[in-house]
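Okay, structure first, notes after.
The values are calculated or read from the model by the stated rules, or taken from the named source; none is laboratory data. Predicted, not measured: the structure shown is a model, and the values here were computed from it. Glycine gets a Cβ as well: all are built from the backbone with ideal geometry, and neighbour counts include every protein chain shown.
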There are 2 protein chains.
Amino acid sequence: MTIRGLEVIDLRFPTSRTHAGSDAVHPDPDYSAAYVILSTDGGIEGHGLTFTIGRGTEIVVAAVEALRHLVVGMSLAEIAADFRSFWHQLASDSQLRWLGPEKGVIHLALAAIVNAVWDLWAKSARKPVWKLLADMTPQQLVSCVDFSYITDAITPEEAIEMLARRAGTKADREAELLRIGYPAYNTSVGWMGYSDETIAALCRMAIADGWTHFKVKVGGRPEDDRHRLSIVRQAIGPARTLMIDANQKWDVAEAINRVTELAQFQPWWIEEPTSPDDVLGHAAIANAVRPLGIGVATGEHCANRIVFKQLLQAHAIDFCQIDSCRLGGVNENLAVILMADKFGVPVCPHAGGVGLCEYVQHLSMFDFIAVSGTMDGRLIEFVDHLHEHFEEPVVIRRGRYLPPEQPGYSITIREASRMKHRYPDGEAWA
Amino acid sequence: MTIRGLEVIDLRFPTSRTHAGSDAVHPDPDYSAAYVILSTDGGIEGHGLTFTIGRGTEIVVAAVEALRHLVVGMSLAEIAADFRSFWHQLASDSQLRWLGPEKGVIHLALAAIVNAVWDLWAKSARKPVWKLLADMTPQQLVSCVDFSYITDAITPEEAIEMLARRAGTKADREAELLRIGYPAYNTSVGWMGYSDETIAALCRMAIADGWTHFKVKVGGRPEDDRHRLSIVRQAIGPARTLMIDANQKWDVAEAINRVTELAQFQPWWIEEPTSPDDVLGHAAIANAVRPLGIGVATGEHCANRIVFKQLLQAHAIDFCQIDSCRLGGVNENLAVILMADKFGVPVCPHAGGVGLCEYVQHLSMFDFIAVSGTMDGRLIEFVDHLHEHFEEPVVIRRGRYLPPEQPGYSITIREASRMKHRYPDGEAWA
């Protein structure tokens, strides 16, 4: 089966009209995607997307086009036989790499393509991506990972050894996963633009649905943050878990002060307290807030495995928030999942947006079966919007993700939704 | 004077045909630029460019277009009165920032625009940019800098104090600069793709022209690196200075081993030994090679002030290689120049490419007059190609840059060259 065509579509959902997804730094996101369709001569298509928030999606579309020459004409067998090399070629095209390297627009574009290849591979193997990954041998998995710039933290040999230690018990964990699902937390209750009444009502509904972990946006005026947290803490009671998310709003000293002030609400973690590029800043913040019982989480804006490597080396994070398409697709997520396991930091993926929940469930389920071997202290983010546009939306029961069953990466958006939300000519934008 | 229009052009020079600019990671660059022209109602234009190396320049062009709405319609007086806010708005557009933030394609695009505004401002003030900057008060300079995410390293108040200490003696240094120029080093002798004979001949010619500092590419096969360095060291003799540049080729341990092996050639610095994102990796390498008398230099691929902040905090670099358009134009370079001075690390800008020499001379000259107060241990990179396309090319005498005299940022490319190298329809690409 050979990849014969690549189509890329600018899809945008007008979410800013309802303030869904609003936070301290992104007051008006229109959840969007550069959506890739790989056509083949084998009767199946590979779908992949990279998440954006409105303006600029056309730039990522242009970047996907610029990578076309490295993808079209490749056979799935060639790629699967040496996925590390295929990935490395995309990430280090000798002229395009100047625009990164391995960060920003060109890396987002790479992720959409790479994930579409995984969708294709999984469909061809008639398995969901989590199962395709879980069934691979340690050697096969490691052959998908580009270890450039991370061998000071983990080597291929070490990774194989780590995976081999868990290989014998994979079947037990797969059975457990199928039985009970994977735990999740809820971010839908506390968006920045929501009223007090909305927040309290959403908390009550979520509790009734079985949710136990809730994340709330902070980084507004100090009194507003305190007010919003007190509403949520009151609604969820002392026994349920609260996390807070500043979306990069603060400088280092400000983050320490603000989080210290919010410690009274007993947040489990502070997410994105400062710039995603600031490894040393995160380490300073973590050192200051850990004695208060608060961990540091980050990752959704961390550009690549090299940034995650340093966050782990510097003991700067307590929760590793991989992103399915900020990192360079499944392959680079494997690298980070392996490093997080080595450093003993739980992986709690970033989700929400459009399609991120659909994507990351596969990564966490694989992590449980083949890498970490545990769901303790691990949660997948859940945000309840835009799922209706997917052919196989996530399934949540009592605050847990149930494993997807269809072959592929669960990322296919219904054709009618694609037509309607194509920017700027779709009906939603008319 | 109000900005009424923004034009952006995809310019590419077919440099890969001669191997000029080739190194271990970029074997075939076509030096290129997204070239911005701001038109005004005041009878002058602002020109700015961001440097790229071929494929993908069209992506940066698309990103410049996406920023248009933040620029067109602004008056120069409004911008100059609060340049910090203007810069911050460009860097943190609530939807576009998702594509970075402050890195990669969107940051390169921002730099082209911001530098065009400085060109406009300097022309309107009838001064070269270095002189415009040198004549500003500490308060005015600091009002151009966005201190977001760097206040743990430097505050506006500290910066004003630092600048005020040198303000009284600026006139002396300006006179010295006009008299003797600013020291430079030569990168034109040792590109990866050049033959032994070419390298030796170029060294001889450069010595005859008065050059004393030479940079050579490494990161090829170990025996090839040794061979190239032995040719250069023999040609330049023991008294002149040699620097080596690996262009991110190595992992951390490999970098330490390879540089240790090359210590016999007494390089003054190793440049870009590993990934530009790897602050901790650079620190490890610096700790290992400093005892050999070798410093670590990096910066041309460092995404923003936050990465430089950490390189300085972690004592990971001995030479701070600012880039005029990888960083977000003059304003973010000011931030890094100030931090480097505070941490006592000399600024030695990255140049070459197309227009980078023309740009960075202004930054180093300002640094000398108003910030560091010294040229000791400081050099501007010089690469001798593509200068003929500029209306005011750099002037080098006996290995030193002479201060530009015309108003503006010296970055205007001749109209005939723009026509000829416009991609894909210019004559050079026909």
*asked:* Just to check your reading of the model, which residue among B:T50, B:T2, B:T40 is in contact (Cβ under 8 Å) with a residue 60 or more places away in the chain and within 11 Å of chain A (Cβ to nearest Cβ)?
replied: B:T50
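Condition check ((1) surrounded by 19 or more Cβ atoms within 10 Å (Cβ to Cβ); (2) within 25 Å of the chain's Cα centre (by Cα); (3) more than 14 Å from every other protein chain (Cβ to nearest Cβ)) across all residues:
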{"position": "A:K215", "(1), (2), (3)": "yes, yes, yes"}
{"position": "A:G219", "(1), (2), (3)": "yes, yes, no"}
{"position": "A:S230", "(1), (2), (3)": "no, no, yes"}
{"position": "A:R233", "(1), (2), (3)": "yes, no, yes"}
{"position": "A:P238", "(1), (2), (3)": "no, no, yes"}
{"position": "A:L242", "(1), (2), (3)": "yes, yes, yes"}
{"position": "A:A246", "(1), (2), (3)": "yes, yes, no"}
{"position": "A:I256", "(1), (2), (3)": "yes, no, no"}
{"position": "A:L262", "(1), (2), (3)": "yes, no, yes"}
*Long-range neighbours under 7 Å by Cβ, at least six apart or interchain, first residue more than 10 Å from chain A (Cβ to nearest Cβ) and in a loop (DSSP other than H, G, I, E, B) within the range B:62-74, second of a type in the set (S, T, Y) and surrounded by 15 or more Cβ atoms within 10 Å (Cβ to Cβ)*: none
*Can you find a residue in the range B:214-233 that is part of a loop (DSSP other than H, G, I, E, B), under 12 Å from B:N186 (Cα atoms) and touching a residue at least 60 places away in the same chain (Cβ under 8 Å)?*
no
*Of these, A:A81, A:A20, which one is farther than 18 Å from A:A111 by Cα, away from chain B (no Cβ under 12 Å) and more than 23 Å from the chain's Cα centre (by Cα)?*
A:A81
_Filter the range B:273-304 down to the residues that are in a loop (DSSP other than H, G, I, E, B) and either within 14 Å of another protein chain (Cβ to nearest Cβ) or under 26 Å from B:T52 (Cβ atoms) (or both) and list them by number._
B:P273, B:T274, B:S275, B:P276, B:D277, B:D278, B:G299, B:E300, B:H301, B:C302, B:A303, B:N304
*Return the residue satisfying two criteria in turn: it lies in the range B:410-427 and is crowded, with 16+ Cβ neighbours inside 10 Å and assigned to a helix (DSSP H, G or I), and of such residues it is farthest from the chain's Cα centre (by Cα).*
B:K420
*asked:* Could you check the range B:184-212 and list, in sequence order, the residues that are in contact (Cβ under 8 Å) with a residue 40 or more places away in the chain, surrounded by fewer than 21 Cβ atoms within 10 Å (Cβ to Cβ) and out of contact with any His (no Cβ under 8 Å at 6 or more places or on another chain)?
replied: B:D209, B:G210, B:T212
*Number of positions in the range A:1-59 that are in contact with a strand residue (DSSP E or B) (Cβ under 8 Å, 6 or more places away or on another chain) and not small (G, A, S)*: 30
*asked:* Restricting to the range A:94-112, name every residue that is within 7 Å of another protein chain (Cβ to nearest Cβ) and not in a helix (DSSP H, G or I).
replied: A:S94, A:Q95, A:G100, A:P101, A:K103
*Hits in the range B:379-389 - residues which are within 17 Å of the chain's Cα centre (by Cα) and surrounded by fewer than 19 Cβ atoms within 10 Å (Cβ to Cβ)*: B:D384, B:H385, B:H387
*asked:* Step by step: first the residues of the range A:140-166, then only those that are under 19 Å from A:V330 (Cβ atoms) and among the small types (G, A, S), then the one that is surrounded by the fewest Cβ atoms within 10 Å (Cβ to Cβ). Which residue is that?
replied: A:S143
*Tell me which residues, restricted to the range A:305-322, are part of a loop (DSSP other than H, G, I, E, B), within 11 Å of chain B (Cβ to nearest Cβ) and either surrounded by 24 or more Cβ atoms within 10 Å (Cβ to Cβ) or touching a strand residue (DSSP E or B) at 6+ places or on another chain (Cβ under 9 Å) (or both).*
A:A316
*State whether the residues of the range A:355-369 include one that is within 14 Å of another protein chain (Cβ to nearest Cβ), at pLDDT 95 or above and either touching a Phe, Trp or Tyr at 6+ places or on another chain (Cβ under 7 Å) or assigned to a loop (DSSP other than H, G, I, E, B) (or both).*
yes
*Looking at (1) in contact with a helix residue (DSSP H, G or I) (Cβ under 9 Å, 6 or more places away or on another chain); (2) within 14 Å of another protein chain (Cβ to nearest Cβ); (3) of a type in the set (V, I, T), which is the only condition A:T155 fails?*
(1)
*asked:* As an exercise: evaluate B:I270 against (1) within 10 Å of chain A (Cβ to nearest Cβ); (2) at negative phi; (3) crowded, with 24+ Cβ neighbours inside 10 Å and give the number of the one condition it does not meet.
replied: (1)
*Please find, within the range A:324-346, the residue that is farthest from the other protein chains (Cβ to nearest Cβ) out of those that are under 24 Å from B:D251 (Cβ atoms) and assigned to a loop (DSSP other than H, G, I, E, B).*
A:G344
*Output the number of the condition that B:W121 fails; it satisfies all remaining conditions of (1) among the aromatic types (F, W, Y); (2) away from chain A (no Cβ under 14 Å); (3) surrounded by 24 or more Cβ atoms within 10 Å (Cβ to Cβ).*
(3)
